[in-house]
Amino acid sequence: MCGIAGVVPLNGGTPADGARLDAMCATIVHRGPDDAGCDIRDGVALGMRRLSIIDVAGGHQPIFNEDRTVRVVFNGEIYNYRELRVELEAAGHRFTTASDTEVLVHLWEEHGPEFASRLNGMFAVALHDSRQQRFVLLRDHVGIKPLYYALTPRHLIFGSEIKAVLASGLTSRTLDLDGLGQFLSWEYVPAPQTLLREVRKLEPGAMLDVDLATSRVTQRTWWHLPTVEGLRGTARRTPAEWEEAVDATVRQCVRRQLVSEVPLGAFLSGGVDSSLVVSAMGPAQTFSIGFDDPSYTEVAWSRRVAESLGVSHSVEIIRPDVVGLFQHLMPFLDDPIGDFSIFPTYLVSRLARKQVTVVLSGDGGDELFGGYETYAAQEKARAWNRIPGVLRRSILEPAIAGLRPRPEKKGLVNKARRFVEGLAHDERLGHARWRLFVGSALRHELFAPDAYEGLSTPVEAHVLALAAEAGPRPELDRALYVDLKSYLSDNCLVKIDRMAMACSLEGRVPLLDPELIELAFQIPTELKLHRGRTKPLLKRVAARHVPRDCVYRPKQGFSIPIKHWLDGELRPLVDDLLASDRLRREGLFRVETVERLRREHTAGTANHSHVLWSLLVFEDWRSRWGV
């Protein structure tokens, strides 16, 4: 696990010197506190910071091939590196380390750009072939590991985090208004955009290929989710056979990711996904945190699962310094997300890092097996629409919208209000309606006139584009496809990567093994969502290994009491960052709209925590990065 950075001169651009490369790598020391490596050849500068996991003594990067014409820096893990090494040695390649990184240079020699399709792992790779005058950037199947770049007329600059790209001094810090519009709507910026006009994310499963002789840059997608055509003719199975196949595959994927020369553990919330992962690990060290608000803690469930599995479990009840924590975490979010659960993710990572260097999590299970309540909401919306329109629009929806939000995390009133709020958005969004917080109407109210004129991308654009790309799948599978290629990669995986790396902890996600992804997209949709019940198949698998009452309980989610904190512990930050004179001076937002949102939230007549939090994160980001 590492952080990587570098500069590739194009069209006669000035090569980076060691000082520039060192400055870029210095911004990502937290990603790799154990080692550093920098190398500049033929003008191509490659740098890295290393968190040593495999071949601790000998895996120093950059790593070269036998005649030193191919070199690589790499962030992540290749889980099938041992099998690949045997194959490559049989083909005559000579290895000088025991690291997984070294298979990359030899695999490139053997297969060229097609080498990516041979990899099972999480990775962001920068590879330079001086003989062929080729340079490639490569990102894993679903974007577990991050990779950013800026393409200017004279340079390609890349890094594991945006701050490394900015530290090159070779790109601007111009705000991308469209990116901002998307961020406030969805709480993340859909790839390839970021909040900076010149900086882009390399999309999951993509490769950027540079012909150094001509400075020609091309991009292609090297991995796709299974197509509808590709799924036709797959073996038909009974529900019991699907259950057996999923159970066996999950356990195989978890075992594959246990390779490590340093202490390894797992997050254990007590939910279905993390419990299933831990059940496949054997003896393990597990970690969980909770808050003193009982509606925001699951520690009793995590303890029950840990006891049933016989693992060593560490729990911490948190009463955090919220302002101090905010100020500590925001520098790690140079590609910001509005997900509240960055707080508990960081806190459980900090707890885990006291004992282990690698941790497994259950991320990905909801996107593969139908776990989100938004999928059930879409199913309920069809029944709701059968109620006569006059009754719905004139009586039921206004009555529900007028209910006062309850202070607890969920509950019937809060769920009913959120359901009606989602119905107001474009129905073409399907389940994503309940993940949208600034729709077209609020966008018009929120942005100042000049800023609003600069928004050219509709709120719905990336969701509709991905739904179309998914092809003629069943509705639920289209929703899963959209989430896997947007919400998961641009939000959930950003969260686990940044918050774990803030503690110099490697986070692995075995449920996102490509073998399990491809299996999940073959499973009939009624085994992923049935009559409002989410993840029925995966729950049956989990119930084989952990107590049934831990499996068949309401989904709680990994969150914090942010709606209370905004008027409590975080109030000084809100008063500062969302001050009317400050917003008026910046000219992006209508002051009266922000004041109304704050007033309604404080009065308890509406829960605007998602919008207010995203505004808070953005304003801090803007001032922190000088945009």
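Among the residues of segment 32-53, those that are within 23 Å of the chain's Cα centre (by Cα) and under 17 Å from E161 (Cβ atoms) comprise G32, P33, M48, R49, R50, L51. Of all the numbered requirements in (1) in contact with a Gly (Cβ under 6 Å, 6 or more places away or on another chain); (2) closer than 30 Å to Y452 by Cβ, W565 misses one, and that requirement is (1). When N11 is tested against (1) in contact (Cβ under 8 Å) with a residue 24 or more places away in the chain; (2) surrounded by 16 or more Cβ atoms within 10 Å (Cβ to Cβ), exactly one condition is not met: (2).
Taken over segment 383-406, the residue count meeting the criterion of being under 16 Å from H608 (Cβ atoms) and in contact with a helix residue (DSSP H, G or I) (Cβ under 7 Å, 6 or more places away or on another chain) is 4. You will find that of D100, D17, the residue that is surrounded by 17 or more Cβ atoms within 10 Å (Cβ to Cβ), over 23 Å from the mean Cα position of the chain (by Cα) and among the acidic types (D, E) is D100 and no other. Among the helices (runs of 4 or more DSSP H) confined to segment 272-356, the ones with at least 2 residues that are among the small types (G, A, S), touching a residue at least 60 places away in the same chain (Cβ under 8 Å) and surrounded by 21 or more Cβ atoms within 10 Å (Cβ to Cβ) are located at 272-279, 342-353.
Restricting attention to segment 573-619, which residues are acidic (D, E) and either in contact (Cβ under 8 Å) with a residue 24 or more places away in the chain or surrounded by 13 or more Cβ atoms within 10 Å (Cβ to Cβ) (or both)?
D576, E586, E595, E600, E619
If you check A45, A36 for being assigned by TED's automatic domain parsing to the domain that holds R94, in contact with a helix residue (DSSP H, G or I) (Cβ under 9 Å, 6 or more places away or on another chain), of a type outside the set (S, T, Y) and within 13 Å of I157 (Cα to Cα), only one passes: A45. Of all residues in segment 64-90, those that are more than 22 Å from H141 (Cβ to Cβ) and not charged (D, E, K, R) total 6.
Residue-by-condition table, conditions (1) within 16 Å of S274 (Cβ to Cβ); (2) of a type outside the set (V, I, T); (3) not in a loop (DSSP other than H, G, I, E, B); (4) not assigned by TED's automatic domain parsing to the domain that holds D140:
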| residue | (1), (2), (3), (4) |
| --- | --- |
| A500 | yes, yes, yes, yes |
| G507 | yes, yes, yes, yes |
| E515 | no, yes, yes, yes |
| I523 | no, no, no, yes |
| E526 | no, yes, yes, yes |
| K539 | yes, yes, yes, yes |
| H545 | yes, yes, no, yes |
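Taken over segment 18-70, the residue count meeting the criterion of being among the β-branched types (V, I, T) and touching a Leu at 6+ places or on another chain (Cβ under 6 Å) is 0.
Residue by residue, here is whether (1) at pLDDT 95 or above; (2) in a helix (DSSP H, G or I); (3) among the β-branched types (V, I, T); (4) out of contact with any Lys or Arg (no Cβ under 8 Å at 6 or more places or on another chain) holds:
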position	(1), (2), (3), (4)
A16	no, no, no, yes
C25	yes, yes, no, no
A45	yes, no, no, no
A57	no, no, no, yes
H60	no, no, no, no
R71	yes, no, no, no
L88	yes, yes, no, yes
T97	no, no, yes, yes
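Of all residues in segment 464-479, those that are touching a Ser or Thr at 6+ places or on another chain (Cβ under 7 Å) and either part of a helix (DSSP H, G or I) or surrounded by 16 or more Cβ atoms within 10 Å (Cβ to Cβ) (or both) total 3.
Counted as qualifying within segment 103-208 are the strands (runs of 3 or more DSSP E) with 3 or more residues that are of a type outside the set (V, I, T) and farther than 23 Å from H93 by Cβ, namely 148-151, 155-159. Scanning segment 301-330 for residues that are closer than 12 Å to L347 by Cβ and of a type in the set (D, E, K, R), we see that the one that is modelled with the lowest pLDDT is R319.
When the residues of segment 568-627 are filtered to those that are of a type in the set (V, I, T) and in a loop (DSSP other than H, G, I, E, B), the one that is nearest to G439 (Cα to Cα) is T605. Taken over segment 448-462, the residue count meeting the criterion of being outside any loop (DSSP other than H, G, I, E, B) and either within 14 Å of Q193 (Cα to Cα) or in contact with a strand residue (DSSP E or B) (Cβ under 6 Å, 6 or more places away or on another chain) (or both) is 2.
The number of residues in segment 250-263 that are buried (at least 18 other Cβ atoms within 10 Å of the Cβ) and either closer than 20 Å to K535 by Cα or modelled with pLDDT under 95 (or both) comes to 5. Among the criteria (1) surrounded by fewer than 20 Cβ atoms within 10 Å (Cβ to Cβ); (2) within 30 Å of G587 (Cβ to Cβ), the one S215 does not fulfil is (2).
The values are calculated or read from the model by the stated rules, or taken from the named source; none is laboratory data. Only a predicted model underlies this, so the values are computations on that prediction, with no experimental measurement involved. Note: ideal-geometry Cβ built from the backbone for every residue, glycine included; neighbour counts use all protein chains shown.
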